[in-house]
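Student: This structure is in structure tokens; I'll ask about it shortly.
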Amino acid sequence: MPELKDRLIVALDVDTLEKAEKIVSVLGNKVQFYKVGSQLFTAYGPKAIEMAAGKGGKVFLDLKFHDIPNTVYSATASGTSPNVFMMTVHVQGGIGMLKKAAEGAAMRARELNIKKPFVVGVTKLTSEESGVKDVLDAARTAKEAGLDGVVCSVLEAKKIREEFGKDFIIVTPGIRPRGSSAGDQKRIATAREAIEAGADYIVVGRPILEASDPLKAVDELLQ
Ligand code: C5P
């Protein structure tokens with residue numbers, strides 16, 4: 001079973017490239033995966049990905065594409081590069097859009113002769129209240145469309161793992177050490193609970209970014 005270190009994705013949800021670079025430098029070889037989301041990408045574009053990759057990180061491009069199928073096909077193609085190991089689309093976009101999302105990434109990966117990044121579907125945002133049934137339905141749509149996995153909360157992870165088996169990637173944000181602030185997140189759990197529920201990757205932002213000592217926060221989390 002991979003260690004938590006091989007599962008931790010730190011969300012670079014900061015407003016400047018300098019701050020993101022500082023986080024990546026401070027966390028050093030403790031963290032291999034970084035999430036570049038809409039805040040950093042809107043401001044800096046591919047430079048944000050190159051920065052993390054330049055320091056040895058692999059990037060989870062979390063832009064949650066949700067548009068007409070043709071546009072999403074082009075977007076996942078554009079997101080496909082050797083530095084991006086995974087990206088997100090919104091399952092709400094529907095099966096036609098999701099199929100095109102998978103195809104766009106596969107097409108560009110073939111062109112570049114690289115491994116296709118995982119394309120995972122956001123089922124329901126972890127900041128929203130949601131029933132397990134809705135999330136499972138979304139996961140079924142994602143699977144049927146040929147996506148590699150889903151983003152869900154820890155609360156649904158176990159059921160998804162049971163139904164879809166070990167090859168379906170489960171990414172869980174909404175991770176909070178016990179006693180820390182939930183912020184805007186609603187469906188939260190600890191890192192341990194996430195791993196026990198079968199998550200392949202956990203995404204952690206504020207508990208690390210807002211810590212007075214981010215490296216210590218990562219160490220504590222890994223323990
Ligand atoms: O700061 P926090 O740990 O709550 O950050 C969680 C990150 O995961 C944010 O960047 C958020 O955009 C992302 N995310 C989420 N829920 C989803 C998908 C992504 O919180 N369903």
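Student: Would you mind telling me the share, in percent, of accessible area of the chain contributed by carbon and sulfur at probe 1.4 angstrom?
Tutor: Percent of accessible area from carbon and sulfur atoms in the chain: 50.
Student: Could you check the simple spin-label distance between Arg161 and Leu4, using points 7 Å along Cα→Cβ, in nm with one decimal?
Tutor: Going from the Arg161 label point to the Leu4 one covers 1.5 nm.
Student: Residues with beta-carbon under 9 Å from that of Gly149, excluding Gly149: net charge, scoring Lys, Arg +1 and Asp, Glu -1?
Tutor: Summing Lys and Arg as +1 and Asp and Glu as -1 gives -2.
Student: While we're looking at this one, here's another question. Grab the beta carbon distance between Ile95 and Glu196, set R0 = 41 Å, and tell me the FRET efficiency rounded to 0.05.
Tutor: For R0 = 41 Å, the calculated efficiency reads 0.85.
Student: Evaluate the distance, in nm, between pseudo-label points positioned 7 Å from the Cα of Glu144 and of Val132 along their respective Cα→Cβ axes.
Tutor: With each label point 7 Å from Cα toward Cβ, the separation is 2.2 nm.
Student: Students often get this wrong: which residues of region 34-48 have the backbone nitrogen under 17 Å from the point 7 angstrom along Cα-to-C-beta of Lys19?
Tutor: Taking a point 7 Å out along Cα→Cβ of Lys19, the residues of region 34-48 whose backbone N falls under 17 Å are 35-45, 48.
Student: May I ask for the net charge around Lys216, where only other residues with Cβ less than 13 Å from the Cβ of Lys216 are counted and Lys, Arg are +1 while Asp, Glu are -1?
Tutor: -3
Student: So, one more: Could you give the distance between the Cα centres of region 38-79 and region 148-223, to the whole Å?
Tutor: A separation of 21 Å, based on Cα centres.
Student: Can you give the charge dipole size of region 1-71 about its Cα centre, rounded to the nearest 20 debye, using +1 on the beta carbon of Lys and Arg and -1 on the beta carbon of Asp and Glu?
Tutor: With only Lys, Arg, Asp and Glu charged at Cβ, the dipole is about 200 debye.
Student: While we're looking at this one, here's another question. Taking all protein chains together and a probe of 1.4 Å, list Arg176, Arg110, Arg206 from the most accessible to the least accessible.
Tutor: Arg110, Arg206, Arg176
Student: Apply the a/c threshold of 1.5 to the C-alpha gyration tensor of the chain and tell me whether it is rounded, prolate or oblate.
Tutor: Note, shape of the chain comes out oblate.
Student: Determine the per residue accessible area of the chain with all protein chains present and a 1.4 angstrom probe, expressed in square angstrom.
Tutor: Averaged over the residues of the chain, the accessible area is 47 Å².
Student: Also, I was wondering about something else. Over region 107-223, what relative contact order in percent results from Cα pairs under 8 Å that are six or more residues apart?
Tutor: Once normalised by length, the contact order is 22 percent.
Student: Run the reach check for Lys47 against aspartates and glutamates, Cα to Cα strictly under 17 Å, same-chain hits fewer than 8 apart removed. What comes back?
Tutor: Asp13, Asp15, Glu18, Glu21, Asp62
Student: Over the chain, what is the mean sequence separation of C-alpha contacts under 8 Å (at least six apart), divided by residue count, expressed as relative contact order in percent?
Tutor: After rounding, I find 18 percent.
Student: Dipole size in debye (nearest 20) for region 149-220 around its Cα centre, Lys and Arg Cβ +1, Asp and Glu Cβ -1?
Tutor: Roughly 200 debye for region 149-220.
Student: In debye, nearest 20, what is the charge dipole magnitude of the chain about its Cα centre with +1 on Lys and Arg Cβ and -1 on Asp and Glu Cβ, if you could check?
Tutor: Using Cβ point charges on Lys, Arg, Asp and Glu, the chain gives about 280 debye.
The values are calculated or read from the model by the stated rules, or taken from the named source; none is laboratory data. Quick caveat, the model's predicted, so the values are computed rather than measured. Note that we place each Cβ from the backbone using ideal geometry, even for glycine, and neighbour counts take in every protein chain shown. The area values use the complete protein model at the heavy-atom level, side chains included, leaving out ligands, DNA and RNA. Shrake-Rupley method; radii C 1.70, N 1.55, O 1.52, S 1.80 Å.
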